[in-house]
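The structure appears right after this line, and notes come after that.
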Amino acid sequence: MNHPAFTTVVGLSFCRDGELFLGAHQFRLLQQVHQDGSIRTAAINLKMSYQHAWHLLDRVNRLSPVPVLVRQKGGKDGGGCSISPYGLKLMAAYQKRVADVVRFLEQSERQMDRCFF
């Protein structure tokens with residue numbers, strides 16, 4: 001008899017002083033800002049309001065010891081936003097931790113399957 005495999009679902013979050021600093025939503029938004037060069041464009045592409053995107057990223061910057069986002073003031077060509085070198089390192093660290101957790105969970109799920117079936 002073929003039994004369905006167990007799966008474990010978790011979310012990874014970095015917190016600072018009890019506040020959410022970087023989680024899956026913030027990470028995805030940072031990726032999109034890096035790709036688009038704009039919070040507004042990233043928010044549109046992720047189908048979220050600009051205000052929500054701005055608040056998420058403002059909290060990341062506020063809680064960070066070093067700026068994650070570098071904002072350019074608007075002008076005739078408009079403003080923009082880029083991810084600082086520190087922000088890119090932070091994103092890489094988050095990705096690595098997610099990969100580590102996924103790998104751990106995959107091993108745990110295999111052990112759980114053997115235990116129950």
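The values are calculated or read from the model by the stated rules, or taken from the named source; none is laboratory data. Predicted model, so just to flag it, every value in this text is computed and none were measured. Heads up, the Cβs are rebuilt from the backbone with ideal geometry, glycines too, and the neighbour counts pull from every protein chain shown.
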Query raised in the report: In the stretch 39-54, how many are among the charged types (D, E, K, R) and surrounded by 14 or more Cβ atoms within 10 Å (Cβ to Cβ)?
Result: 1
Query raised in the report: Which of the residues belonging to the stretch 43-69 are within 22 Å of Ala93 (Cβ to Cβ), assigned to a helix (DSSP H, G or I) and of a type in the set (S, T, N, Q)?
Result: Asn61
Query raised in the report: Of (1) of a type outside the set (Phe, Trp, Tyr); (2) loosely packed, with under 15 Cβ neighbours inside 10 Å; (3) at pLDDT below 90, Val66 satisfies all except one. Which?
Result: (3)
Query - Candidates Arg28, Arg40, filtered to the one that is of a type in the set (Lys, Arg), under 30 Å from Ser108 (Cα atoms) and either out of contact with any Pro (no Cβ under 9 Å at 6 or more places or on another chain) or part of a helix (DSSP H, G or I) (or both) - result: Arg28
Report task. Tally the residues that are crowded, with 18+ Cβ neighbours inside 10 Å and within 14 Å of Val70 (Cα to Cα), restricting the search to the stretch 13-38. Result -> 3
